[in-house]
Amino acid sequence: MTANAEWEEYFDHFVPPSTLQHNQKAVQDFASANRQIGHDLVLITSGGTTVPLENNTVRFVDNFSVGSRGSSSAEYFLERGYAVIFLHRHRSLQPFSRHFAKDNFLEYLHLEQDLDGSEKVAVKTEMSPKLLEVLKKYEEVKASGRLLLMVFTTVSDYLFNLRAFAEALHPFGPHAMFYLAAAVSDFYVPSSQMAKHKIRSSNGPLELKLQQTPKLLSPLVKDWATDAFVVSFKLETNKDIIAACAREALDKYKHQVVISNVLATRRKQVTLVTKTEEKMLSLSDHEFHMGIDVEQKIVDELLKHHKVFIQEKQPSRR
């Protein structure tokens, strides 16, 4: 079966999200408005996908991704003037609010008594600088209209939305970047094989036969957004095979960049792989303890490549 046939069969067997057309229109309008004023575009995918085991879903297969890389990267793209479409897992980390995800936010607040004796909520003095810094950046981005938040939960939701958004961004050619940081399930349960209702534990041990999810990079590069700048991620646990896996993906799918990283060191070190080079991007111990994100270095490096890509794709002027 060809790659195209696999995708067609997959989409034929699942019902698209009810909001799909609305979402696609929102992306089209957002992209058009931002390109009119000269902003380049990036679609960031972030977080993990669930694989439902029942049509009326109670149980599902999940992964550990919470969207750290995608949410932090979104902030750096925004700082550099990009318009960001942030397609993220429901309740995963989002740009700006991610800074408080590990905290009990109520600890930032306390009750104060007003002059009339009524109580009001106020920010604790020691918490105010961090909150002020992040809030200021968020308000600037919100006012600029350069951030569009879109949500998925299941692997099917994700794939339908990705195809629709890619088709919406197709007219913008090389000015659109795809930054595919979501942890997409490699396997799924066909809807025809799902239980209709909650699987009963009294039925005994559960045996699952999962189908392999067709790889999204092939139709994305060849059919959906043919002139876009595409960045994929390759995460492995074995450092001895990561370079070969990244190069294999790049050769197979013919996109522009693979960001390879090993699970144990992914917060401090990645390798950016293109057709012509492999460049390691890493944080020193000092940078790491100062709270600098490796995503800052990733985004800065990608912007150099994207700029060259756009220039090469522009028609020559006489």
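Only the coordinates and a few stated rules stand behind these numbers; no lab work does. Values in this document were obtained by computation on a predicted structure and should not be read as measured data. Methodologically, a virtual Cβ is constructed for each residue, glycine included, from the backbone with ideal geometry; neighbour enumeration extends over all protein chains shown.
So that you can scan it fast, the table gives a plain yes or no per residue for (1) of a type in the set (Gly, Ala, Ser); (2) touching a helix residue (DSSP H, G or I) at 6+ places or on another chain (Cβ under 7 Å):
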position: Thr153; (1), (2): no, no
position: Arg163; (1), (2): no, yes
position: Tyr179; (1), (2): no, yes
position: Ala183; (1), (2): yes, no
position: Tyr188; (1), (2): no, yes
position: Lys198; (1), (2): no, no
position: Pro205; (1), (2): no, no
Of those in segment 88-105 that are within 26 Å of Asp157 (Cβ to Cβ) and in a loop (DSSP other than H, G, I, E, B), the residue farthest from the chain's Cα centre (by Cα) is Ala101
Within segment 138-154, tally of residues that are surrounded by fewer than 16 Cβ atoms within 10 Å (Cβ to Cβ) and under 18 Å from Val42 (Cβ atoms): 5
List the pairs whose first member sits in segment 141-163 and is more than 20 Å from Ser232 (Cβ to Cβ), whose second member is aliphatic (A, V, I, L, M) and in a helix (DSSP H, G or I), and whose Cβ atoms are under 8 Å apart, counting only residues at least 6 apart or on separate chains? Val141/Leu78; Gly145/Ala33; Arg146/Leu78; Leu147/Ala74; Leu147/Leu78; Leu147/Val141; Leu148/Ala26; Leu148/Val27
Top-ranked residue of segment 197-235 - restricted to ones that are among the hydrophobic types (A, V, I, L, M, F, W, C) and in a strand (DSSP E or B), ranked as surrounded by the fewest Cβ atoms within 10 Å (Cβ to Cβ): Leu235
Are there any pairs, at least 6 apart or on different chains, whose C-beta atoms fall under 9 Å, with the first in segment 177-190 and in contact (Cβ under 8 Å) with a residue 12 or more places away in the chain and the second surrounded by 21 or more Cβ atoms within 10 Å (Cβ to Cβ) and among the basic types (Lys, Arg), and if so, which? Ala181/Arg69; Ala182/Arg89; Ala183/Arg89
Which of the residues that make up segment 63-117 are surrounded by 12 or more Cβ atoms within 10 Å (Cβ to Cβ), aliphatic (A, V, I, L, M) and out of contact with any strand residue (DSSP E or B) (no Cβ under 8 Å at 6 or more places or on another chain)? Ala101
Taking the stated definitions as given, is Tyr179 under 18 Å from the mean Cα position of the chain (by Cα), part of a helix (DSSP H, G or I) and of a type in the set (Ser, Thr, Tyr)? no
For Ser71, state whether it is touching a helix residue (DSSP H, G or I) at 6+ places or on another chain (Cβ under 9 Å), within 30 Å of Thr213 (Cα to Cα) and assigned to a loop (DSSP other than H, G, I, E, B). no
Out of all the residues in segment 165-184, which are buried (at least 21 other Cβ atoms within 10 Å of the Cβ) and among the small types (Gly, Ala, Ser)? Ala166, Ala168, Ala176, Ala181, Ala182, Ala183
For segment 118-134, name all the residues that are hydrophobic (A, V, I, L, M, F, W, C) and either surrounded by fewer than 11 Cβ atoms within 10 Å (Cβ to Cβ) or over 18 Å from Gly81 (Cα atoms) (or both). Val121, Ala122, Val123, Met127, Leu131, Leu132
